[in-house]
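J.: One structure, pasted below without further comment.
Just so it is clear, none of the values below were taken in a lab; they were calculated from the coordinates. Everything numeric in this text was worked out from a predicted model, so none of it was measured. Cβ placement follows ideal geometry from the backbone for every residue including glycine, while neighbour counts extend to all protein chains displayed.
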Amino acid sequence: MPKQYQDKALLFAIIQLIKELRKEDNITLEVFYFDTGIHLARIEQGKTNISISTLAKICAYFSISLSEFFARLEN
């Protein structure tokens with residue numbers, strides 16, 4: 001698989017897991033934005049790439065470590 005497709009597949013998997021975490025906690029995009037200042041809608045729509053520092057903030061919000069996040073990503 002070409003690298004560009006691997007990158008897109010990884011980003012898609014990360015986005016899907018973020019959506020899953022948000023829905024598990026019944027958090028709306030609006031509430032998440034008000035609580036964190038992070039515009040998660042743009043991330044979930046794939047309109048913006050996500051930095052590791054933003055991902056760390058998202059994980060902290062959902063009380064999951066980065067290592068737990070990536071472990072779930074691999075499953």
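J.: Using the alpha-carbon atoms, what tilt in degrees (0 to 90, nearest 10) does helix 52-61 show relative to the longest principal axis of the chain?
T.: Tilt of helix 52-61: around 40 degrees.
J.: How big, on average over all directions, is the shadow cast by the Cα convex hull of the chain, in nm²?
T.: That works out to 5.0 nm², a quarter of the Cα hull's surface.
J.: So how do GLU44, GLU74, GLU20 line up by other beta-carbon neighbours within 10 Å, fewest first?
T.: Details: GLU44 17, GLU74 6, GLU20 12.
Listing GLU44, GLU74, GLU20 from fewest to most nearby Cβ atoms yields GLU74, GLU20, GLU44.
J.: Evaluate the Debye formula for the stretch 36-75 with equal point scatterers sitting on the alpha carbons, no solvent, and hand back log10 of I(q)/I(0) at q = 0.28 Å⁻¹, in q order, two decimals.
T.: -1.04
J.: Also, I was wondering about something else. Mind checking which aspartates and glutamates have their C-alpha under 14 Å from LYS23, skipping anything on the same chain fewer than 8 residues away?
T.: Filter leaves GLU44.
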